[in-house]
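Worksheet: one structure, shown below.
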Amino acid sequence: MQAELIITNARVLTMDAAHPRAEAVACAGGRIIAVGGRDLEALAGPQTRVIDAGGRTLLPGFVESHLHLVLGGAELAHLQLGGVHGAGPLTAAFRAYAAANPDKPLLMAQGADYTILDKPVTRHDLDAIIADRPIAMTAPDHHTVWANTAALRAAGLLQGAAMPHGHEVVMAPDGTASGELREFEAFAPVVALGGEARLNLGIATGEEPSPWPSDADMAIDRAKIARGLAHCAAHGITSMVNMDGNRYTLELLAGMRDAGTLTARVKVPFHFKPHMDLAALDRAAQMTRDFNDDWLTCNFVKMFMDGVMDSRTAFMLQDYPGVPGHRAEPLFSAPRFAEIATEVDRRGMQMAVHAIGDGAVRNTIDGYEAARLANGWRDSRHRIEHIELIDRADIARLGTLGIVASVQPPHPPGAMDFPLEPTLTLIGQGRWRDAYLWRTLAEAGAPIAFASDWPVTDVSVLRGLHAALARVPYPGCGDERLDLMASLHGYTAGGAWAAHRDGLTGRLVPGLAADLVLLGGDIEVAALAGLPELGIALTICGGRITHAGPGFAP
């Protein structure tokens, strides 16, 4: 068979245990047709594109196992506050952004660290920056938003508002909103001011836009997704699990697939929220029937069991340090979650549950175990997302039950962009040894999938790899790093397996999809400190070049 594309003279890491290394890969018809030595050049014909990799590392296209594509694409146009600290720099950043965007109905910023002002942020702090236009800023974890008075008033939140369990408009002593909004439904009305309410439904409520958006509105939303896809392609990503979703998300992506502009394979869940009853899973089943090809899939239910450490909404087995009696509460009681998990599993769907505190992790494991007991074993590959804290008694249960540990190397404080505080204090020094246990979980038999949680952190896989390999243990704690090959596996074959896509992608094997990433150099000889700058030379998805770095034509 004549190849359409051959990459040769490469350091090929196939992620296939049977044939781990090669020098060349040949592709045709969107599939890999051969993996081997430079003799594959014999498969070239007059129309074949042959690329000399120059000794660079060639890998399966990266699998981003946990991100928020639609939100990330939209947020690329927002003010970015990463690295901004203190009232002066924050004021300067907001006012410059306001001047450059005189017509924006909401000036929204991303990446506002919880300690950005070294004090709890209030609406009055933001009023001092800009008072005559709605402004708001989102914490890096996307679980807290702070808004000024104009934004709260326009969103109808200034006098407070009733919220579902786990979502809160924080009130000040004077009976008005303080400016802090915790969890998605609390800040959804502020987000809506910026015209992005449709895109937030998948994470805020799990419901569909009503009325259904016009073609013009859908085109606006697809343009934001396209920016997000291009950003991901520039980082070598060819497959992703979008960790929020509804039918609208799938319809947007399906339109791009049909137009030939979808540049990555996307798995989208049905987002099951606490207000839903089991009959809502009929919607998940319909999404699964309607979207099931090499580019778009569902058969997947996402849930939140708790919040995050920094707002003390992560559900803990012990009291938060310095806050006697406070452990937060799960969004689903243990019996309720077990009932839902059992029904999802009975229907043959996969589950992914956000669980950060050790109490949330235990509830999730218990629910998956209940589903196994009720329905018997199947190849479910149910997942727990994050697992930032776990009780030692629960570690072995992941491996025993086959639960995927979907974890994010950029998340441990100090590993990449997140500061050590306030998270380490909120965990408590006595529990540091139980936090972010990637290596311990892997050694206990848990399948590992790596991700960024973009836009919570930078989507760069190379930066994530650096975070995974350079992470420094906390005082008195063990080394939780996985080695280079295990880490690369987590971003490729491990991620594909965790998404039930291992028969399609994640390895460089004849017959699988021609999803490849050519790095800017040889990752095995590159200095650890230089990994983030190694760069992506080429990203190829389905045999099509979706990103070309300097020196490579698209």
Residues being in contact (Cβ under 8 Å) with a residue 12 or more places away in the chain, part of a loop (DSSP other than H, G, I, E, B) and not small (Gly, Ala, Ser) - total across the stretch 518-549: 4
Among (1) within 24 Å of the chain's Cα centre (by Cα); (2) part of a helix (DSSP H, G or I); (3) acidic (Asp, Glu), which single condition is residue 294 missing? (2)
Return the only residue of 41, 64, 4 being at pLDDT below 95 and either surrounded by 14 or more Cβ atoms within 10 Å (Cβ to Cβ) or part of a strand (DSSP E or B) (or both). 41
Is it true that residue 253 is in a helix (DSSP H, G or I), within 15 Å of the chain's Cα centre (by Cα) and crowded, with 23+ Cβ neighbours inside 10 Å? no
Given (1) touching a residue at least 60 places away in the same chain (Cβ under 8 Å); (2) in contact with a Phe, Trp or Tyr (Cβ under 6 Å, 6 or more places away or on another chain); (3) more than 18 Å from residue 295 (Cα to Cα), identify the lone condition not met by residue 265. (3)
Does residue 528 fit the bill of being surrounded by 20 or more Cβ atoms within 10 Å (Cβ to Cβ), among the hydrophobic types (A, V, I, L, M, F, W, C) and closer than 28 Å to residue 413 by Cα? no
Conditions (1) under 27 Å from residue 499 (Cα atoms); (2) modelled with pLDDT under 95: number failed by residue 419: (1)
Would you point out the residue of the stretch 7-38, among those that are of a type in the set (D, E, K, R) and modelled with pLDDT of 95 or more, that is farthest from residue 485 (Cα to Cα)? 31
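Per-residue answers, yes or no, for (1) part of a loop (DSSP other than H, G, I, E, B); (2) more than 29 Å from residue 460 (Cα to Cα):
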position: 73; (1), (2): no, no
position: 92; (1), (2): no, no
position: 103; (1), (2): yes, yes
position: 108; (1), (2): no, no
position: 113; (1), (2): yes, no
position: 118; (1), (2): yes, no
position: 121; (1), (2): yes, yes
Quickly run through the stretch 44-61 and pick out the residues that are part of a loop (DSSP other than H, G, I, E, B) and under 16 Å from residue 449 (Cβ atoms). 61
Those residues of the stretch 345-378 which are among the aromatic types (Phe, Trp, Tyr) and either more than 23 Å from the chain's Cα centre (by Cα) or not in a helix (DSSP H, G or I) (or both) amount to 377
Would you check if there is a residue in the stretch 498-511 being part of a loop (DSSP other than H, G, I, E, B), in contact (Cβ under 8 Å) with a residue 12 or more places away in the chain, among the hydroxyl-bearing types (Ser, Thr, Tyr) and farther than 22 Å from residue 299 by Cα? no
Scanning the stretch 328-344 for residues that are touching a strand residue (DSSP E or B) at 6+ places or on another chain (Cβ under 7 Å) and in a helix (DSSP H, G or I), which turns out farthest from residue 441 (Cα to Cα)? 344
Filtered residue count, the stretch 140-154, keeping only those that are surrounded by 18 or more Cβ atoms within 10 Å (Cβ to Cβ) and at pLDDT 95 or above: 10
Would you say residue 180 is in contact with a Ser or Thr (Cβ under 7 Å, 6 or more places away or on another chain) and part of a helix (DSSP H, G or I)? no
Considering only the stretch 154-185, how many residues are within 17 Å of residue 126 (Cβ to Cβ) and in contact with a Leu (Cβ under 9 Å, 6 or more places away or on another chain)? 10
Would it be correct to say that residue 554 is modelled with pLDDT of 95 or more, out of contact with any Leu (no Cβ under 8 Å at 6 or more places or on another chain), over 22 Å from residue 72 (Cβ atoms) and not polar (S, T, N, Q)? no
Out of the residues in the stretch 119-131 that are farther than 19 Å from residue 80 by Cα and out of contact with any helix residue (DSSP H, G or I) (no Cβ under 7 Å at 6 or more places or on another chain), which is surrounded by the fewest Cβ atoms within 10 Å (Cβ to Cβ)? 119
Subset of the stretch 80-90 [closer than 20 Å to residue 453 by Cβ and either in a helix (DSSP H, G or I) or touching a strand residue (DSSP E or B) at 6+ places or on another chain (Cβ under 9 Å) (or both)]: 80, 81, 82
Report, ordered by the first and then the second residue, all pairs with beta carbons closer than 8 Å, sequence separation of six or more or different chains, a first member in the stretch 23-36 that is touching a residue at least 60 places away in the same chain (Cβ under 8 Å), and a second member that is assigned to a strand (DSSP E or B) and among the acidic types (Asp, Glu). 27/4; 28/4; 29/4
Tell me, please, whether a residue that is within 28 Å of residue 405 (Cα to Cα) and surrounded by fewer than 22 Cβ atoms within 10 Å (Cβ to Cβ) can be found in the stretch 78-87. yes
Please list, ordered by first then second residue, the pairs with beta carbon atoms under 8 Å, 6 or more apart or interchain, first in the stretch 312-328 and of a type in the set (Val, Ile, Thr), second not in a loop (DSSP other than H, G, I, E, B). 313/182
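The values are calculated or read from the model by the stated rules, or taken from the named source; none is laboratory data. Please read all numbers here as calculations on a predicted model, not as lab measurements. Here Cβ is always computed from backbone atoms with ideal geometry, including for glycine, and neighbour counts include all displayed protein chains.
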